[in-house]
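Every number in this text was worked out from the coordinates using simple rules, so none of it is lab data. Every value quoted in this text rests on a predicted model; they were computed, and no experiment measured them. With ideal geometry, Cβ positions are generated from the backbone for all residues, glycine too; neighbour counts draw on all protein chains shown.
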Amino acid sequence: MLKVINVVGARPNFMKVAPIVEAMKRREREFTPLVVHTGQHYDASMSDAFFNDLDLPQPDVYLDVGSASHGAQTAAVMERFEPVVLKHQPDWVLVVGDVNSTLACALVCVKLGVKVAHVEAGLRSRDRTMPEEINRLLTDQIADLLFTPSADANENLLAEGIPETRIRLVGNVMIDSLYKHLPRAQESDNIRQDLQLNEYAVLTLHRPSNVDDPTTLKRILEAIAEIGKRIPVVFPVHPRTKKMILELPAIELLANAAGLWFIPPLGYLDFLGLYSRARLVLTDSGGIQEETSVLGIPCLTLRENTERPITVTMGTNKVVGTDPQKIVAAALAALDQPEKPNVSIPLWDGRAAERIVAALV
Ligand code: UD1
């Protein structure tokens, strides 16, 4: 029997861990899965909603670290996670993605000599000003087993000197959640009906490089308001972004822009229901580049780079940066394309969790 601690911390972790825990529960003679939530994200809309929507079991342990500076948050996770590992003595600890909790928990494990596996390993933006890039690089250096979503990730790891024996190409576990929940999400369709919109675009924005500087944020929102003249843009606002928007000068002008719909952050099903029927998605998220690709929905990434180049070469993603004119031009061009492309990315097939769990045995 293998005891595995599955770590979640922030919003993009929940849909990656849910299918893995479910796959372990299907093999209950071989696995005892535990869920540890660091509490990096804690608002109901950023955390609880995802447990409910994804059928993720309530955490066995909640570390309640909350928000803080990077150093303080990472340290708090380490300090509170270490006694949990010592108490439970797991055979494996599984960390996912690239948030501060991912690195903090991996670091605790290697120091204790407990085996740690990293899901979504090998992605690189090559932009070391992104906190996530540092988390990815360091977690991959220290983890015992690296589960990659696509072949480019294997190449990155090999180029960094990581031996092939530590790497397993398993596909994209986020897409397991997407395929499982898409029918239910589209059935409920709450948000689209509430807003009474048929044709619309969706925007998400939360990267510090886009939202923490008022000038950059304002320029991006003005570009979006311009796109809003052609098609309504629905914008579920992340708490970090909300704080910054409320401080912008003349925010009422933007708030009143006809085509711009500010709404609170959504749970997994409501958001999937919304973007899966969108004409276009504009985002600075990593995961949404992947999810829109699988669904054949045009995606414009409002960043200068992506750690997920396969969404550009094989999916629907276009990295457009943050220049307002380029954003508007790319959006209008995408809206002029009537055809929804058919996308198929190897191993993004809804069965990545099965492969991960099999590899742990
Ligand atoms: C974090 C991750 C990022 C991920 C994002 C998804 C790191 C370094 N960053 O960024 O990779 O894409 O989550 O959302 O791990 N806040 C709330 N309620 C919450 C959580 C946060 O109000 O439940 C507010 C706090 O004011 C906090 C701010 O949002 O200071 C930022 O939260 P934080 O977890 O530090 O970073 P994110 O920007 O969410």
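Summary table
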{"item": "Average Cα contact separation per residue, the chain, under 8 Å, 6 or more apart, as relative contact order %", "result": "16"}
{"item": "P(r) histogram, all alpha-carbon pairs of the stretch 221-334 included - 10 Å bins from 0, percent", "result": "13, 45, 37, 5, 0"}
{"item": "Pairwise FRET efficiency - residue 199 versus residue 256, Cβ, R0 = 22 Å, nearest 0.05", "result": "0.55"}
{"item": "Cα shape, the stretch 1-133, gyration tensor, a/c 1.5 rule", "result": "rounded"}
{"item": "Over the stretch 154-222 - Rg/Rh using Cα atoms and the Kirkwood inverse-distance radius", "result": "1.17"}
{"item": "Phi-based couplings in Hz for the stretch 149-159 (Karplus 6.51, -1.76, 1.60; Gly and Pro marked x)", "result": "x, 7, 4, 4, 5, 4, 4, 4, 5, 4, 5"}
{"item": "Contour minus Cα-Cα distance for residue 229 and residue 179 (0.36 nm per residue)", "result": "14.7 nm"}
{"item": "Around residue 166: net Lys/Arg minus Asp/Glu count, Cβ-Cβ under 12 Å", "result": "-2"}
{"item": "Relative contact order (%) - criterion: Cα under 8 Å, at least six apart; region: the stretch 194-258", "result": "44"}
{"item": "Förster radius 35 Å - calculated FRET efficiency between residue 3 and residue 326 (Cβ-Cβ, nearest 0.05)", "result": "0.10"}
{"item": "³J(HN,Hα) computed for each position of the stretch 291-303 - Karplus, 6.51 cos²θ - 1.76 cosθ + 1.60, integer Hz, glycine/proline x", "result": "5, 5, 4, 4, 8, x, 9, x, 10, 10, 9, 8, 8"}
{"item": "In sequence order, calculated HN-Hα J values of the stretch 278-285 (Karplus, 6.51, -1.76, 1.60; Hz; x Gly/Pro)", "result": "6, 7, 7, 10, 10, 7, 10, 7"}
{"item": "222 nm mean residue ellipticity, helices alone, for the chain (DSSP H n ≥ 4; -39,500 (n - 2.57); rounded to 500)", "result": "-14000 deg cm²/dmol"}
{"item": "Long-range lysine pairs (8 or more apart or interchain), the chain, Cα under 20 Å", "result": "18"}
{"item": "Projected area, mean over directions - the chain, Cα convex hull, nm²", "result": "16.7"}
{"item": "For residue 203, distant residues with modelled amide H under 5 Å away", "result": "234, 235, 282"}
{"item": "Globularity index of the stretch 113-192, i.e. its alpha-carbon radius of gyration over 2.2 N^0.38 Å", "result": "1.36"}
{"item": "Placed amide H near residue 116: partners under 5 Å, 5+ positions off or other chain", "result": "93, 144, 145"}
{"item": "Alpha carbon convex hull of the stretch 103-247, projected area averaged over orientations, nm²", "result": "12.0"}
{"item": "Amide N proximity, the stretch 39-81 versus residue 188 label position 7 Å along Cα-to-Cβ, cut-off under 16 Å", "result": "44-57"}
{"item": "Residues whose placed amide H lies under 5 Å from that of residue 260, excluding near-sequence neighbours", "result": "233"}
{"item": "Mean projection area, nm², convex hull over Cα of the stretch 17-75", "result": "4.6"}
